Every structure is written in C-alpha cells, then in structure tokens.
Amino acid sequence: MRPKQQRVRCWALRHRGLLQLDDIVGAHTDYNEEEEEQKYFRRKRLGVVKNVLAASLAAMLTYSVYLGLLQMQLILHYDETYREVKYSNMELEDIDRKVLMGINVTPVVALLYTPVLIRFFGTKWTMFLAVGIYALFVSSNYWERYFTLVPSAVAIGVAIVPFWASLGNYITRMAQKYYEYANYKEEHVQEQRQAPRGACSAYIVVFQTIFYICFHLSFVCAQMPMLFFLNNYIYQLNHTLSGVKHCGTLSHGMLTGFNKTVLDSLPRSVNLIMVESVLMAAAFLAMLMVLLLCGSAYGTTEEIDLRSIGWGNIFQLPFKHMRDYRLRHLLPFFIYSGFEVLFVCNDFSLNYGVCTLGLEKLAYLLIAYGFSASTCSSLALCMLRLRRQYPLLAGALLHAAILVMLFCWAPKPQQVEQAPLLYTIAALWGMGSALNKTGISILLGMLYEDKERQDFIFTIYHWWQALAIFTVYLWSGLPMKAKLSLMLLALGLAAGSYIWMERRLAQRVAFRLPRMPRPRHRASGYRYLEEDSDETNSEDEGTSRDNSQHPAEEDETPRDDGEQRN
C-alpha cells in the first residue's frame with residue numbers, strides 16, 4: 001500500500017473512531033437529567049424498603065427459631081422418662097436452669113458493652129453477629145451437653161440487647177434515609193444538615209409498623225415444631241393435669257402439680273435431628289438475609305465520625321442520656337414492656353392456658369397471641385392522624401382491664417369449655433402488646449431524631465426491658481395474685497409517668513441532652529485534614545490541641561421540645 005493511501009486510511013479510521021466515541025460519551029438529545037435523577041432516587045427508596053423488609057423478616061426468622069427450639073427443648077427435658085432413657089445421669093434439669101439463668105441474667109451488664117459494640121462493628125454488622133450467635137445456640141442442640149448448652153445460652157444473653165438496640169436503630173435510620181431520598185431537592189438535604197423537627201415522623205411510624213407486623217409472626221412460626229412434631233408425642237390433658245388442683249389466680253409458682261411425664265412415646269433421635277436441621281437452615285437463612293440484603297445504616301464517613309468521638313465518651317453517653325426527663329418518665333413503660341411479654345408466654349400460657357386446656361393446646365394459644373399482635377401492629381398507623389399518646393394509652397388500658405379480669409378468675413383444671421375465652425384473652429393481650437411495643441419504638445424515634453444518639457437511646461430501652469425480664473425470671477415462684485398485683489402496679493406507674501411526660505412537653509419544659517463530642521481525627525487522608533495540617537507539628541501536639549478544643553463534654557444543653565405531635 002502506498003504511503004499516501006495508508007495515511008488516508010488511518011485518518012478515516014481515526015475519524016470513524018472519534019464519531020463512535022462521541023456517540024458513546026456525548027450528550028444525547030433525548031437525555032433528561034431531571035428524569036434520570038428521579039429514577040435514581042426511586043431506586044434508592046426501593047433499596048431502603050428492601051432493607052426494612054429484609055431486617056424485619058430476618059428478625060422474625062431468628063426469634064422463630066430461638067423461641068421454637070427453646071420451647072421444644074424445655075418440654076423434652078421436663079419429661080423424666082426422656083431424661084432417664086436418653087441422658088441417664090446428665091442432670092438435664094440442672095442444665096436447663098443454668099441455660100435460663102444464662103439467657104436472663106447476662107443482659108444485666110449489657111449497658112456496659114452494647115454501645116461500644118455497635119459503634120465498633122457498625123449497626124448492620126452487630127445485627128449479623130447477633131443473628132450468628134442465635135444460630136450458634138441452635139447448633140449446640142445437636143450435641144446436648146453442659147459445655148455446649150450453657151455457653152451458647154450465655155452467648156445468647158450477651159447478644160440480646162445489642163441485637164434489639166441495633167435493630168431499633170436500623171429501622172429508624174432507614175426511615176430517615178427514606179425521607180432524604182424522597183425530599184432530595186430540599187436545601188437541608190442537599191447540604192446534609194439536620195432535617196426539621198418531626199419531618200421524618202411519618203416514615204418512622206410506617207417503618208416501625210412494618211417491622212412489628214413481621215416480627216410478631218415469630219410467635220406463630222415458633223409453634224411449628226410443636227404443632228407438627230412434638231404434639232404427636234404428648235399425653236392428653238387427663239394424664240398431664242391429673243395432679244393439678246388450682247389454676248389461674250389461685251395457682252402458685254409455675255403450674256404446681258403438673259405431671260412429670262408428658263410424653264407418651266419418645267421421639268427418635270433421627271426425627272429430632274431433622275427438626276433441628278430445619279431450624280438451623282432457617283437461622284442460616286436469616287444470617288444470609290442480613291448479610292446480603294440489608295444495606296448499611298450509615299455512610300462510611302458517618303460511621304468513622306460516630307466512633308471517633310472516643311471510646312470513653314461512647315461508654316459514658318448512655319448513662320448521661322438517662323438524665324433527660326423524657327427518658328426517666330419512659331423507664332416504667334420500658335420495664336412494663338419486659339413484664340408483659342414474658343407474662344403472656346409463661347404465667348398466662350401455663351397457669352391459665354395449659355392448666356385448663358392441656359399442654360397439647362399451648363401452641364394454639366400462642367398462635368392466637370402472635371396473629372393478633374401482628375395484625376394489630378398496623379393500628380399504630382393511626383399515629384399518622386391522631387396524637388401519639390393514643391396507641392400507648394389504649395394498649396395500657398386494654399392490659400389493665402385484662403389483668404383485673406385475670407385477678408378475679410380461677411378456672412378449674414381440665415375445663416376445656418373455657419377455650420374460647422382463653423383464646424380471646426390471648427388475642428386481646430396480643431393487641432395490647434402490639435400497641436405497646438410499636439408505640440414505644442415510634443415514640444423514641446420521634447423524640448430522638450439525631451442520628452448520633454439513636455443507638456444509645458435504643459440501648460437504654462432494651463436494657464431496661466432485659467432487666468424487667470430478669471425480674472420476671474426471679475419472681476417465677478410467687479403466687480399468681482402477687483404477680484398480677486405487681487403487673488398492675490407497674491402498668492399504672494408507666495401510664496401515669498408517660499402522661500406526666502407529655503404534659504411537661506406540652507408546657508415546653510426544657511429538657512437537657514448531653515452534648516455530643518465532636519469527632520477527633522488524626523491527620524491521615526484528605527477527608528480529615530485540618531487547616532494547619534501542612535505545618536510540621538508532632539502528632540502528640542495535634543492530639544493535645546484537639547483535646548483542648550473538644551474535651552469530653554460533661555455539660556448539657558437545655559432544649560425546648562417544639563414537637564408535641566408528630
């Protein structure tokens with residue numbers, strides 16, 4: 001080929017390539033920037049909804065597996081024939097007592113490590129770690145020995161408060177992110193400033209409602225092992241209740257006189273392994289849902305800022321937040337929230353339900369409670385139109401009426417004609433529980449909208465709830481009338497304290513919040529360079545200068561509450 005022809009061909013190829021490149025990277029005539037922006041933020045909003053559904057379903061699966069396995073394990077180990085034949089001299093009763101002690105006692109110290117754990121791992125990874133610990137509890141039941149069951153139960157106790165605190169924080173953060181993506185054109189969103197007070201309230205109501213609708217189904221799914229497996233081996237009520245003399249308000253302790261043999265035949269080990277494998281698969285699925293489907297609650301730089309305030313400050317801030325009178329007024333409700341969920345699962349289910357209908361009907365009673373709680377969680381959506389006090393006070397009033405009725409009612413053993421009344425009470429209690437749990441989580445999200453405080457607030461809430469569950473564990477041997485009296489006292493104190501808090505907020509009484517320390521970063525990387533970072537100061541000098549500018553801030557900031565309604 002001649003040189004001239006070669007130059008012409010090279011020019012033609014270059015020109016053709018430039019035209020193709022211009023077609024690729026050039027501005028298209030039909031490109032609509034605003035429309036593409038809307039599509040982008042629509043995908044972001046759908047991602048937030050996906051995160052909420054994934055976290056809700058993962059929590060539902062986790063607690064379905066945990067509650068179902070624990071219930072099946074306690075029933076099997078209660079039967080003396082099963083203990084003698086399967087494990088002879090292993091003292092399963094003593095192991096079960098220590099398992100329950102590990103689950104209920106360990107959370108007492110959770111306030112000391114939960115905030116540090118959440119800030120160190122991040123919200124999503126704390127959830128994942130906690131779900132993994134629940135899966136570890138399931139795996140320990142493949143080889144039932146002291147050194148497998150008790151340590152895994154202690155690990156469950158360690159993970160309970162971090163799991164719930166990170167979940168509450170995660171759902172609230174998703175509501176705030178949805179607000180940002182839905183209002184991306186607002187000036188405060190574009191400048192990454194704090195949203196106006198109450199701007200995210202509607203999204204918090206909707207997302208917390210979705211979460212509790214899903215979570216309360218765990219009480220239904222937890223009964224599947226008993227419904228489809230264990231009920232095939234249980235004696236009828238005329239055998240299991242033959243020694244029971246008193247039920248209801250006349251009972252004492254945990255179903256005194258219940259027969260020590262509840263299984264008419266022993267389940268085969270292969271069948272038990274199959275049930276535990278199904279539960280293990282569900283726990284593993286929950287882990288995968290958190291790992292793969294749940295996005296991060298905070299951006300990378302936000303998480304760096306959250307943990308850069310200093311570990312000493314992170315340790316102290318939960319205690320400092322309890323100086324806020326709003327939290328102090330809500331503490332009785334936190335405590336009652338722990339009382340009521342364990343009361344319905346233990347005292348009501350055994351001393352009223354099983355004592356009257358037999359052990360074979362326990363699953364149906366808890367299914368009625370779970371379905372009712374899940375369905376009635378949607379009633380919290382009324383907070384979008386009504387004042388926020390109504391759901392909490394309505395649930396408290398409903399529980400007070402049921403407690404008074406239970407205080408005066410002593411059904412006779414084996415009185416199966418009382419079944420409709422018992423199922424109705426379980427369903428009504430589930431309605432009150434739904435209004436209680438959903439209302440408290442929504443209220444905390446409304447009162448504390450600062451994203452750097454939410455993990456501390458939910459840690460305080462679930463720590464007090466864990467203390468209440470520990471108290472119920474301690475009082476298990478009391479007479480039923482004493483338990484009901486304590487429940488009524490706690491409920492009355494909770495309702496009165498909450499009404500007083502709302503009154504003080506309506507009067508614009510200033511509350512005091514601990515001032516959040518500013519992040520203290522060493523000069524590394526372009527993101528956190530100081531104005532004088534080019535100067536040749538030693539690292540020690542820079543650190544001491546930061547400490548002098550932003551000390552561990554002990555003083556508190558008084559504020560007025562401008563949001564009486566959401």
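The values are calculated or read from the model by the stated rules, or taken from the named source; none is laboratory data. Bear in mind the structure is a predicted one, so any value in this text is a computation, not a measurement. All Cβ positions, glycine included, derive from the backbone under ideal geometry; neighbour counts span all protein chains shown. Accessible surface is based on the protein model in full, side chains and every heavy atom, while ligands, DNA and RNA are left aside. Shrake-Rupley method; radii C 1.70, N 1.55, O 1.52, S 1.80 Å.
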message: Go through the stretch 286-343 and report how many residues are within 30 Å of H399 (Cα to Cα) and among the hydrophobic types (A, V, I, L, M, F, W, C).
response: 11
field: Test: residue in the stretch 352-362 that is out of contact with any helix residue (DSSP H, G or I) (no Cβ under 6 Å at 6 or more places or on another chain) and within 30 Å of V416 (Cα to Cα)
entry: yes
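Please work out if L398 is within 25 Å of W475 (Cβ to Cβ), of a type outside the set (D, E, K, R) and open to solvent by less than 30 Å² (accessible area, probe 1.4 Å). Spell out how you get there, then give the answer.
Details: within 25 Å of W475 (Cβ to Cβ): yes; of a type outside the set (D, E, K, R): yes; open to solvent by less than 30 Å² (accessible area, probe 1.4 Å): no.
Here the answer is no, as L398 does not meet what is asked.
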message: Return the residues of the stretch 64-95 that are surrounded by fewer than 19 Cβ atoms within 10 Å (Cβ to Cβ), not in a helix (DSSP H, G or I) and not aliphatic (A, V, I, L, M); say none if nothing qualifies.
response: S88, N89, E91
message: I'd like to know if the stretch 464-476 contains one or more residues that are closer than 17 Å to A400 by Cα, open to solvent by 10 Å² or more (accessible area, probe 1.4 Å), touching a Phe, Trp or Tyr at 6+ places or on another chain (Cβ under 8 Å) and outside any strand (DSSP E or B).
response: no
message: Going through R323, R328 one at a time, which residue ends up being closer than 28 Å to L491 by Cα, of a type in the set (K, R), open to solvent by 40 Å² or more (accessible area, probe 1.4 Å) and outside any helix (DSSP H, G or I)?
response: R323
query: Which one of these does L386 not meet: (1) in contact with a helix residue (DSSP H, G or I) (Cβ under 9 Å, 6 or more places away or on another chain); (2) of a type in the set (A, V, I, L, M, F, W, C); (3) without any contact (Cβ under 8 Å) to a residue 40 or more places away in the chain?
result: (1)
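Matching residues to (1) open to solvent by 20 Å² or more (accessible area, probe 1.4 Å); (2) more than 30 Å from A490 (Cα to Cα):
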| site | (1), (2) |
| --- | --- |
| L288 | yes, yes |
| F315 | yes, no |
| F319 | yes, no |
| I335 | yes, no |
| L342 | yes, no |
| A363 | no, no |
| S372 | no, no |
- prompt: Name the pairs whose Cβ atoms lie under 6 Å apart, with the first residue in the stretch 40-59 and at negative phi, the second of a type outside the set (A, V, I, L, M, F, W, C) and outside any helix (DSSP H, G or I), and 6 or more positions between them or separate chains?
  reply: F41/Y184; N51/G295
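Mind checking whether some residue in the stretch 45-55 is modelled with pLDDT of 90 or more and under 30 Å from G102 (Cβ atoms)? Explain how you work it out, then say what you get.
Taking the stretch 45-55 first, the residues modelled with pLDDT of 90 or more are 45-55.
Going one step further and asking which of them are under 30 Å from G102 (Cβ atoms), we end up with 54-55.
There is at least one residue in the stretch 45-55 that is modelled with pLDDT of 90 or more and under 30 Å from G102 (Cβ atoms).
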task: Mind listing whichever residues of the stretch 244-273 are part of a loop (DSSP other than H, G, I, E, B) and either basic (K, R) or open to solvent by 60 Å² or more (accessible area, probe 1.4 Å) (or both)?
output: K245, H246, M254, T256, K260, D264, R268
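Given the structure, is L379 open to solvent by 10 Å² or more (accessible area, probe 1.4 Å) and in contact with a Leu (Cβ under 7 Å, 6 or more places away or on another chain)?
Working: open to solvent by 10 Å² or more (accessible area, probe 1.4 Å): yes; in contact with a Leu (Cβ under 7 Å, 6 or more places away or on another chain): yes.
Criteria met by L379.
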- request: Report, by residue number, each residue of the stretch 214-243 that is assigned to a loop (DSSP other than H, G, I, E, B), open to solvent by 30 Å² or more (accessible area, probe 1.4 Å) and not hydroxyl-bearing (S, T, Y).
  value: L217, Q236, G243
